[in-house]
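What follows is a single structure, written as structure tokens, with notes after it.
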Amino acid sequence: MTEDLNRQSLLKFLDAFYAGDAETATACCDEAIDSITYAPIELFPHLGHKHGNGWVTEAIRTQQQRYSSRKYDLKFMAVDGDKIATMQFLSLRKHDDDRVVHLESAEFFTFRAGLILMHRSFFDSFDFVQQLLGRDLTDSFAASVRDTLRR
Amino acid sequence: MTEHSLWRFSRALHRAINERHYADLSGLIDDDVDWTVYGPIDMFPFLGARRGKAAVLEVIRQIAENVRIHRFDRESVMLAEDSAASMMRYSLTALDSNKPVSLRLAHFAKFRAGRLTSIRVLIDTFDLVEQTLGRAIHLPKMVAV
């Protein structure tokens with residue numbers, strides 16, 4: 001019963017988040033929501049540790065400024081009591097050059113009274129940086145990484 | 001109460017990597033397993049996609065030849081009937097260089113009849129590359145996800 005409510009609440013949140021409906025998405029979250037996206041914040045200053053449900057509106061606004069369309073496809077969901085894990089395939093169309101970038105995102109949610117209380121997220125950040133830059137970075141670093149592993 | 005398939009698989013995987021004992025793990029992997037660890041395969045050839053038990057056991061041998069697990073903490077775990085997901089923090093050593101590496105990963109696994117049929121693993125790969133290089137990669141400020 002609780003699991004069904006949490007699942008419905010999460011799907012409502014994701015639909016609203018990617019539809020740009022900040023009010024509905026925020027209503028799915030506890031006021032004291034604690035969110036961490038593990039990513040290099042020197043590169044992605046809007047990610048990292050955020051506290052409070054104002055984060056939801058800010059995150060939607062930031063993404064809308066950068067991307068003309070944002071879509072998610074839920075690839076995996078595991079529900080266990082008040083916790084839900086998802087893997088999502090995200091497609092984001094950049095405003096500046098109209099290129100579409102893709103990423104798989106791991107998201108872990110903890111619920112309290114049917115609302116999202118805790119959110120943890122990360123993704124294949126090296127690949128995402130390459131897509132945003134529009135160039136392959138592996139040539140620059142692959143030899144160094146392989147040498148370091150062997151040294 | 002029957003133990004969840006994740007726990008048996010997790011113990012066998014860690015034993016395979018640290019002790020190079022593959023027999024237990026082999027019995028817990030479906031013949032047609034679908035395996036993907038997302039990341040830069042030009043830098044870490046043991047990342048990427050594999051299909052079938054033989055290919056997966058081979059890539060686990062490659063991982064065992066490259067790293068040793070010192071410690072892992074399961075920060076979050078979700079157990080469903082035939083699936084499981086965890087967020088984990090690993091402390092590893094790159095064997096050839098004796099270099100310590102700390103990484104956070106998420107895995108999403110599906111099981112059938114106690115055997116792994118599918119797994120997807122996500123890693124904060126930018127952090128992994130920087131740790132391996134031993135220095136920060138300087139790039140311009142980016143847009144947020």
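The values are calculated or read from the model by the stated rules, or taken from the named source; none is laboratory data. Remember, predicted model here, so these are calculated numbers, not experimental data. Here the Cβ is made from the backbone with ideal geometry for all residues, glycine too, and neighbour counts use every protein chain on show.
Structural remarks
- Residues of the stretch A:108-123 satisfying the condition of being surrounded by 23 or more Cβ atoms within 10 Å (Cβ to Cβ), at the interface with chain B (Cβ under 9 Å from one of its Cβ atoms) and modelled with pLDDT of 95 or more: A:108
- Exactly one residue among A:151, A:135, A:146, A:99 is farther than 30 Å from residue A:30 by Cα, at pLDDT below 95, within 7 Å of chain B (Cβ to nearest Cβ) and exposed (fewer than 15 other Cβ atoms within 10 Å of the Cβ), and that residue is A:151.
Yes/no per residue for (1) within 11 Å of chain B (Cβ to nearest Cβ); (2) surrounded by 20 or more Cβ atoms within 10 Å (Cβ to Cβ); (3) touching a Lys or Arg at 6+ places or on another chain (Cβ under 6 Å):
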site: A:10; (1), (2), (3): no, yes, no
site: A:14; (1), (2), (3): no, no, no
site: A:23; (1), (2), (3): no, no, no
site: A:29; (1), (2), (3): no, yes, no
site: A:41; (1), (2), (3): yes, no, no
site: A:44; (1), (2), (3): yes, yes, no
site: A:49; (1), (2), (3): no, no, no
site: A:55; (1), (2), (3): no, no, no
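- The C-beta contact set for the stretch A:123-150 (first residue basic (Lys, Arg), second residue at pLDDT 80 or above, distance under 9 angstrom, 6+ apart or interchain) comprises A:146/B:42; A:146/B:43; A:146/B:44; A:146/B:45; A:150/B:94; A:150/B:96; A:150/B:97.
Okay, residues lined up against (1) surrounded by fewer than 15 Cβ atoms within 10 Å (Cβ to Cβ); (2) facing another protein chain (nearest Cβ under 9 Å); (3) in contact with a helix residue (DSSP H, G or I) (Cβ under 9 Å, 6 or more places away or on another chain); (4) modelled with pLDDT under 90:
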residue: B:64; (1), (2), (3), (4): no, no, yes, no
residue: B:69; (1), (2), (3), (4): no, no, yes, no
residue: B:73; (1), (2), (3), (4): yes, no, no, no
residue: B:78; (1), (2), (3), (4): no, yes, no, no
residue: B:86; (1), (2), (3), (4): no, yes, yes, no
residue: B:93; (1), (2), (3), (4): no, no, no, no
residue: B:99; (1), (2), (3), (4): no, yes, yes, yes
residue: B:104; (1), (2), (3), (4): no, yes, yes, no
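Residue-wise test of (1) in a strand (DSSP E or B); (2) without any contact (Cβ under 8 Å) to a residue 40 or more places away in the chain.
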| residue | (1), (2) |
| --- | --- |
| B:74 | yes, yes |
| B:78 | yes, yes |
| B:81 | no, yes |
| B:87 | yes, yes |
| B:93 | yes, yes |
| B:104 | yes, yes |
| B:107 | yes, yes |
| B:119 | yes, no |
| B:122 | yes, no |
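- Residues located in the stretch B:76-127, provided they are among the β-branched types (Val, Ile, Thr) and more than 12 Å from the chain's Cα centre (by Cα): B:77, B:93, B:101, B:117, B:125
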